[in-house]
Amino acid sequence: MLSIDPTSISERENYKFLIGSIIPRPIAFVTTLSEEGVLNGAPFSYFNIVSSNPPMISLSIQRTEGRQKDTARNIASLKEFVVHIVDEQNVEKINKTAASLPPNHSEIELAGLTSIESVKVSVPGVKEAKVRLECVLEQSLELGGVNSPGCDFIIGRVVQYHIEDDIYSKGRIDPRGLAAVSRLAGANYAKIGDLFEIERPK
């Protein structure tokens, strides 16, 4: 078995080891508003649940040479955002939003997605998602160094859920109906595979 000190290899090699090992990863499609009112959208696979009481999620948004991405900058400014679950029906359009665009261009328009008004935040969501979570900023941390942070770690508190009727029944979301896709390494994605149950010990 290989045994490697992460400080002895490059950032790119660390990235490859992490995204190749920690799989599958859920994908958050995040919409934010710039100070100029441009609706920004970007996918992130460094994403997960933090807490259910209160309901909170996390995003880790990597910086490029110390520069914040539009999403992190917009969240820091407005303190609101919307998270969408990426599924088999919208993944191709969402993938288009990963293109590098200037801050004054909307990825939503580029991908042909449909904006939809939110209930409790000023940031619109997109209609094509079966699940979307309106969030307010709970906490933001700059991680990876005092002088040159490597990422912005965002914790958002969910203030409104939107769930498509067809996939919701008796307090549960049908995983097959949601058909969420997950991120692997490189250009690879995964669908929901075989489901199985294991009883939790008492």
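Here is how the numbers come out for the structure above:
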| item | result |
| --- | --- |
| Flag if Pro6 is more than 22 Å from Ala129 (Cα to Cα) and either surrounded by 19 or more Cβ atoms within 10 Å (Cβ to Cβ) or without any contact (Cβ under 8 Å) to a residue 60 or more places away in the chain (or both) | yes |
| Any hit, the stretch 15-34, residues being in a strand (DSSP E or B) and either loosely packed, with under 12 Cβ neighbours inside 10 Å or of a type in the set (Gly, Ala, Ser) (or both) | yes |
| Checking Ile75 against (1) farther than 21 Å from Ser182 by Cβ; (2) out of contact with any Ser or Thr (no Cβ under 7 Å at 6 or more places or on another chain); (3) modelled with pLDDT of 95 or more, the condition it does not meet | (2) |
| Within the stretch 2-34, considering residues that are in contact with a helix residue (DSSP H, G or I) (Cβ under 6 Å, 6 or more places away or on another chain) and not aliphatic (A, V, I, L, M), the one nearest to Asn90 (Cα to Cα) | Phe29 |
| Those residues of the stretch 76-99 which are assigned to a loop (DSSP other than H, G, I, E, B) and over 26 Å from Ile155 (Cβ atoms), in sequence order | Glu88, Gln89, Ala99 |
| Single residue of the stretch 166-202 satisfying the filter (small (Gly, Ala, Ser) and crowded, with 16+ Cβ neighbours inside 10 Å) that is farthest from Ala99 (Cα to Cα) | Ala179 |
| Positions within the stretch 142-165 being loosely packed, with under 15 Cβ neighbours inside 10 Å, part of a strand (DSSP E or B) and modelled with pLDDT under 95, in sequence order | Leu143 |
| Only listed residue being buried (at least 17 other Cβ atoms within 10 Å of the Cβ) and among the acidic types (Asp, Glu), chosen from Glu88, Glu138 | Glu138 |
| Residues satisfying the stated conditions in the stretch 36-57, i.e. out of contact with any Ser or Thr (no Cβ under 6 Å at 6 or more places or on another chain) and either basic (Lys, Arg) or part of a loop (DSSP other than H, G, I, E, B) (or both) | Glu36, Gly37, Ser45, Asn53, Pro54 |
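The values are calculated or read from the model by the stated rules, or taken from the named source; none is laboratory data. Everything numeric in this text was worked out from a predicted model, so none of it was measured. Every residue, glycine as well, gets a Cβ built from its backbone with ideal geometry; the counts of neighbours run over all protein chains shown.
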